[in-house]
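Please treat every number below as a calculation from the coordinates, not as lab data. This is a predicted model, so every value here is computed, not measured. Glycine also receives a Cβ, built like all others from the backbone with ideal geometry; neighbour counts cover every protein chain displayed.
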Amino acid sequence: MMALARAVALLIGLDAICAYAADIGYLAPPGAPAIEFPSPQRPVAPIVSPGRADEKHRDSLNESGEIARLLELKPGMTVGDIGAGRGYHTVRLSSFLGPTGSVIAEDVTRDYLVELARRIEVLRLTNVKLALGEPHDPRLPASSLDAAILVHMYHEITQPYAFLYNLAPALKQGARVGIVDLERPTSEHGTPIALLRCELIAVGYREIAAYQLAGDSGYLAVFSPPEEAGRKSPRDIVACRDRASGR
């Protein structure tokens, strides 16, 4: 009898996960098409995994807590976890932001979001929304985010200028963007911070601060988005040259 009850509970849980996964899709109409923007003049790393490192190791470095502190995140905010993968930051931010806050977990790989839907269901997180994006466009609702984090994934964005341009409308006035990466070539799954600055400034973002995170977590670079009035047109964006790759 107990075995039957467990089987029924499992089936109900799987049905709920399947229903949740079926709802995964774009949250906003498409933005500017990629063809209007310059291509990056440096290698783009392939997406190889939904997670960077063991979560216990990352917890030992207080990675998520440090990012929240340095970005001045507060309960009640809505934060976009861009390139969420298996949701390391999503689940921790869900708890930190509380019932009045929310996380929008975005990724371009639908299978990763399906797996994250399962994790969210198991953990009973009620303040997380999943968002499918495109390589050149996160497809997020206008003025929906108080902050966005891009953690160890910027080097995997195939159309960074279009992606940053299309991300900007989703950011509220006063929002911050935190990018975490390693000081290594993009072909080696990092982004030299000088190159990162150049690419964001090319789209109109402004750097606020940069921090070195603990252990092997890399750096955190914090930017404010371009103001609508001063937003560049795609044709005015000039691609940065990556000196490390010679391109």
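What to note about this one:
- Total lysine pairs under 27 Å (Cα atoms) in the stretch 2-236, excluding pairs fewer than 8 apart on one chain: 6
- Bins of 5 Å from zero: percent of alpha-carbon pairs in the stretch 92-195: 3, 11, 19, 23, 21, 15, 7, 2, 0
- Beta-bridge orientation, the chain: approximately 35 percent antiparallel, per DSSP, counting only bridges with both partners inside.
- GNM on the chain, alpha-carbon springs under 10 angstrom: the most fluctuating residue among Ile201, Ile149, Ile82 is Ile201.
- Förster-model FRET efficiency, 22 Å R0, Ala53 and Val122, C-beta, rounded to 0.05: 0.55
- Diffusion constant of the chain at 25 °C, which comes from Stokes-Einstein with the Kirkwood Cα-pair radius and 0.890 mPa s, µm²/s: 132 µm²/s
- Cα-based convex hull volume of the stretch 129-186 per residue, rounded to whole Å³: 85 Å³
- Both the radius of gyration and Dmax for the stretch 47-131 are 12.1, 34 Å, in that order, over alpha-carbon atoms.
- For the chain, the longest principal axis of the C-alpha atoms and the axis of helix 110-123 are separated by about 50°.
- Separation of the Ser60 and Ser187 label points, Cα + 7 Å toward Cβ, nm: 3.3 nm
- With R₀ set to 25 Å, the beta-carbon distance separating Gln173 from Leu70 gives a calculated FRET efficiency near 0.75.
- Net charge dipole size for the chain [Lys, Arg +1 and Asp, Glu -1 on Cβ; Debye, nearest 20]: 140 debye
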